[in-house]
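Encoded as structure tokens, the structure appears first; notes follow it.
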Amino acid sequence: MGTPIKDVVISDSAPKSLLLDKHADYIAAYGSKKDDYEYIMTEFLRMSGMYWGLTAMDLMSQLERMNKDEVIEFIQQCQHECGGFGASIGHDPHLLYTLSAVQILTLYDSQQSVNIDKIVEYITSLQQDDGSFYGDKWGEVDTRFSFCAVACLALINQLDTINVDKAVQFVLSCMNFDGGFGCRPGSESHSGQIYCCVGMLAIVGRLHLINTDMLGWWLCERQLPSGGLNGRPEKLPDVCYSWWVLSSLKIIGKLHWINKDKLVKFILACQDDETGGFADRPGDMVDPFHTLFGLAGLSLLGDESIKQVNPVFCMPEEVIRRAGIKMDLL
Amino acid sequence: MHGRVKVKTTAEQQEAKRKEREKKLKIYTAATEKIFEKRKNKEYDEEALKITGEILAVNSDFSTFWNYRKEIFLNMTENKPENEMIEIFKGELQFLESCLRTNPKSYGVWNHRCFIMETMPKPDWKKELELCNLFLEYDERNFHCWDYRRFVVKKANISPEEELEFTTNKICNNFSNFSSWHYRSKLLPLIYPDENSTIGVEENILIKEYETVQNAFFTDPDDQSAWFYHRWLLGRGKIKTGVNCMLIDRTYQMLMINTTQPVMISPSTCEIDVLLNGERVEGTWRTHKQQTDVYSSIWIFKSTEDESWIPMHEDAEVAMAVVGEDWGSSDSVQINSTQTVAWNLTHEEQGLRFRDELSAATTDTLQRELDSIQELYELEPENKWVLLTIVSLMKALNPKQYANDIEIFLSKLITIDSSRINYYWDLRSKCLIENYLEELDFSTRVISLQNQNISCLVHPELFSMVVKIDLSNNKLDSVKGFSCFQCAVDIHVDGNQIKDLEELSFLHGLKLLSIKDNNISSLESLQPLGKTSILKLYLFGNPVVENIDELEVKKIIPSLHNFDGHMM
Ligand SMILES: [Zn+2]
């Protein structure tokens, strides 16, 4: 007998309209409860957490509710001597948090409040001979870090400081039989990783190297009967994977290959109508991470009450335009 | 953040939880503070291992603490005798295994395990392979574990043959195992390399793989893993870089080339010399969108020495030479004294232009596959994977001969797989356009594809030399790709669903656009036409026309002489 499809059922009582005000209140409150258990336990990713929350607020046109000065001061305190940023004060520097820091600074148009030259120095020091990037000095290699490096440099307009051709070659060496990409050469395709690699290739203008028919087909097959998208075959749907698949499809010009109405319905059903915020799946606990990706997904799907999102940087399109970044999507 | 179900709790339960968390938090905060303090004091001792261990056991993504642990191990290795260290390292491996049992998908834990194995004296790689077997037993799709396995395999010198055997066993246990199929796609080209095959695997091995994968989908025809793998086996061709068309135009004093795949023409990547009657001409290359330093299939050369570098009323020869690369080296085009335009088309053998998309297998193999999948179709007439695979095979074998069958199967797919209808519509458009282009006599410079329900334009770069294009009464919702129509004078796209005209701004020679009955809804949408020298515009039947002011239109498009049949 065949294996049953893994999916969720959306109940009739699930939210069907966008609860923008609740989401804004949820995010605004999240950052203010600094001695909350949840908040303290996630300190190891604080910088990214702040990027998720602030970008979500900006997409909802409510960024002014957040304390800009406090955020910038925090970011300044997270920059290390080497130029990289840690997730929080006293935490070790890493490309993941360096990108989040630069994204927040760009959101606030405040790049000049940190040492940009040092950031460039940090990122270039992490590129290896094969074009790959270490995430930090300890040497883990992953295509996520190739994206972080390139996205970061693009935001500060310093792409020519690394060997772009080699970086592209490394990303291509992680391409798979299904047209997707994995963490390292040999690794299985995964939508999060695909988003990173497709985004990286978009930033450096090499999208023609992707087999868009093959990859687009694999990506649109991520949509399940519930409307939600999964990250790999035979997995459950999830709001964050919905974003990664959707943004990748958008970048390669195949967004219309999935059923938009069904996906909208799924994302809306992942809202919590009591607390605000989005969860990974209907009925689960919400968090800022899925809240950003829920909103960003709805924006790509054409919801006009949310600002237009840039599919590569997951930031408002107007911010990317202001940063002077031009990209040709397919 | 994943898979935490929200449970309704009473106020009493909430209070109890709050108190418990408060207690936990106190211990947690005290511990983290102590760790930072100890690290600052460069204390690399057992106590540090103990406290970081307690935190990491509950919060395995706290990478700074893993880093501290790494420092501790590096420091201890320098200061303790080897036999003592081996025991400490072994303890670490045990600790990591217990972390993995609670959190098998933690990047931090797997990464730290790599570090420990690479740092410890006399690592037991075989035992690590057993650990991988165990964790893949728990979850055969855990990609962290698969990646760790590939790391171990390299270190332990395990042969790809043994690993292939492992995937065979995994697949026999459960066909629906995408991770194993994926691994096979990486192992086969290593074990049975064949440069002539587009997927890099010997033909006789391919035939065996077809059997294995058929076994899988005959057992469970809904299992997508096997179908994706099957698609890979069918292969896809590599397109060789070359020039499809080279065109010179006296009116615009330009040389335009159209390449088989995008190239970047620039001094730092690929330079192309242009020769007029054997003499080198200085000039610049830009894409059809006026860009430089990008990859594109269409490039336009203009001289910087002489605005009218292609002499009027004289025979001439323009040649191009790619510097340092082996494509397009001998292309040239002759223009005689009376011509305004001349071109040189590369003649593709009929029916082969698009065939190399799916061509790893020989025709015999493809035919055999088609036969057996048609058998499955008899049993499973409503199965979308079966239908789509038949379409792919027919398209690979003979798209013209099977055109009707392909149409029927795709229509069926559109009705049974409602989430992906636009994928099938686009695939259908691709088949139709490719079949049309295969038979087209490009030298007529006319393309006429009306009433075909075309939903997207494929290979628009091949339209670059066409003067008259009629795509009326299709399902196009944008003019995506139209910027390639560099020679277009007349464009007819009546009766589509087009919303924007963005790409038309690049069509310098456009004289007539007929876009009746589309979805143009605002005057701003007409702005791209203002950059052309268009004379006639038919806009009737678009929402924007309802209360349009002709003067406004003229303001946006100053060159316009005739709007919806009225002289302006
Ligand atoms: Zn998620």
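Read-outs throughout are calculated quantities, based only on the coordinates presented, and are distinct from any laboratory measurement. Since this is a predicted model, take the numbers as computed values, not measurements. Quick reminder, even Gly has a Cβ in these numbers, built from the backbone with ideal geometry, and neighbours come from all protein chains shown.
Observations, loosely collected:
- The alpha-carbon of residue B:511 sits under 24 angstrom from the alpha-carbons of these lysines, leaving out residues fewer than 8 places away in its chain: B:289, B:302, B:468, B:475, B:480, B:499, B:531, B:536, B:554, B:555.
- For residue A:137 and residue B:18, the FRET efficiency from 1/(1 + (r/R0)^6), where r spans their Cβ atoms and R0 equals 35 Å, is about 0.30.
- Region B:441-567 - Debye-derived log10 I(q)/I(0), Cα point model, q = 0.13 Å⁻¹: -0.46
- Alpha-carbon radius of gyration plus Dmax, which is the widest Cα pair, for region B:355-431 in Å: 12.1, 34
- Burial order of peptide ranges B:330-336, B:432-438 (average beta-carbon count within 10 Å, highest first): B:432-438, B:330-336
- Vicinal HN-Hα couplings computed from phi for region A:223-240 (Karplus, 6.51 cos²θ - 1.76 cosθ + 1.60; Hz; Gly/Pro x): 7, 9, x, 5, x, x, 10, 9, x, 8, x, 6, 10, 6, x, 7, 4, 5
- Karplus 3J(HN,Hα) series, Hz, for region B:268-279 with 6.51 cos²θ - 1.76 cosθ + 1.60 (x for Gly, Pro): 8, 10, 8, 9, 10, 7, 10, 10, 9, 6, x, 9
- Anisotropy class of chain A from Cα gyration tensor, a/c 1.5 cut: oblate
- Contour excess over end-to-end distance, with Cα ends at residue B:102 and residue B:195 and 0.36 nm allotted per residue: 29.0 nm
- For the protein assembly as shown, a crude dipole built from +1 on the beta carbon of Lys and Arg and -1 on the beta carbon of Asp and Glu, taken about the Cα centre, is about 1660 debye to the nearest 20.
- Against chain B, whose longest principal axis is taken from its Cα atoms, helix B:178-191 shows a tilt of about 80°.
- Rounded to 5, percent antiparallel among DSSP beta bridges of chain B: 75
- Overall, the anisotropy analysis places region A:155-305 in the prolate class: the square-rooted eigenvalues a ≥ b ≥ c of its C-alpha gyration tensor yield a/c not less than 1.5, with a/b exceeding b/c.
- FRET efficiency estimate (nearest 0.05) - Cβ-Cβ, residue B:261 to residue B:284, R0 30 angstrom: 0.85
- Peptide B:420-433 shows a mean partner chain C-beta count of 3 within 10 Å per residue C-beta.
- Peptide A:167-177 is shielded by partner chain Cβ atoms: per residue, an average of 2 of them sit within 10 Å of its Cβ.
- Taking 0.36 nm per residue of separation and subtracting the current Cα-Cα distance, fully stretching the chain between residue B:490 and residue B:126 would add 124.0 nm.
- Each peptide in B:482-489, A:93-100, B:313-320, B:242-249 was scored by the mean count of other Cβ atoms within 10 Å over its residues; highest first, the order is A:93-100, B:482-489, B:242-249, B:313-320.
- Coarse-grained scattering of the protein assembly as shown at q = 0.05, 0.08 Å⁻¹, given as base-10 log I(q)/I(0) from a Debye sum over alpha-carbon atoms: -0.32, -0.84
- Calculated log₁₀ intensity ratio I(q)/I(0) where the Debye formula runs over C-alpha points of region B:17-234, q = 0.09, 0.17 Å⁻¹: -0.51, -1.12
- Counting only residues at least eight positions apart within a chain, or on another chain, the lysines with an alpha carbon under 19 Å from that of residue B:238 are B:186, B:395, B:430.
- With each label modelled as a point 7 angstrom along the Cα→C-beta vector, the residue B:6-residue B:155 pair spans 4.3 nm.
- Estimated inter-spin distance, residue A:160 and residue A:321, nm [label 7 Å along Cα→Cβ]: 2.6
- Under 5 Å between amide hydrogens, built in the peptide plane, is the criterion, and for residue A:310 it picks out A:315, A:317 among residues at least 5 positions away or on other chains.
- Extent along principal axes [Cα atoms of region B:144-285; Å; largest to smallest]: 68, 38, 29
- Along each principal axis, taking the top coordinate minus the bottom one, the Cα set of chain B gives 92, 62, 56 Å in descending order.
- Sequence-ordered 3J(HN,Hα) estimates for region B:143-158 from the Karplus curve with 6.51, -1.76 and 1.60 and θ = phi - 60° stand at 6, 4, 5, 4, 5, 5, 4, 5, 5, 5, 4, 5, 5, 8, 6, 8 Hz, glycine and proline given as x.
- Segments A:14-23, A:180-189, B:491-500 sorted - mean Cβ within 10 Å per residue, highest first: A:180-189, B:491-500, A:14-23
- Extension gain (nm, one decimal) between residue B:523 and residue B:346, 0.36 nm per residue minus Cα-Cα: 59.5 nm
- Note on A:178-187: average number of Cβ atoms from other chains within 10 Å of each residue's Cβ is 5.
- Label point distance in nm, residue B:312-residue B:412, each placed 7 Å from Cα along Cα→Cβ: 6.3
- Listed by chain and number, the aspartates and glutamates whose alpha-carbon sits under 20 Å from that of residue B:8, ignoring those within fewer than 8 places in the same chain, are A:12, A:36, A:38, A:272, A:273, A:274, A:280, A:284, A:287, B:20.
- Calculated [θ] (222 nm, deg cm²/dmol) that DSSP helices of n ≥ 4 give over the protein assembly as shown, each run adding -39,500 (n - 2.57): -14000 deg cm²/dmol
- What the Cβ-Cβ distance of residue B:323 and residue A:111 gives, at R0 = 35 Å and to the nearest 0.05, is a FRET efficiency of 0.35.
- Folded to 0 to 90 degrees: helix B:384-397 orientation relative to chain B principal axis, Cα: 50
- The C-alpha atoms of chain B define a longest principal axis, and helix B:203-219 lies at about 70 degrees to it.
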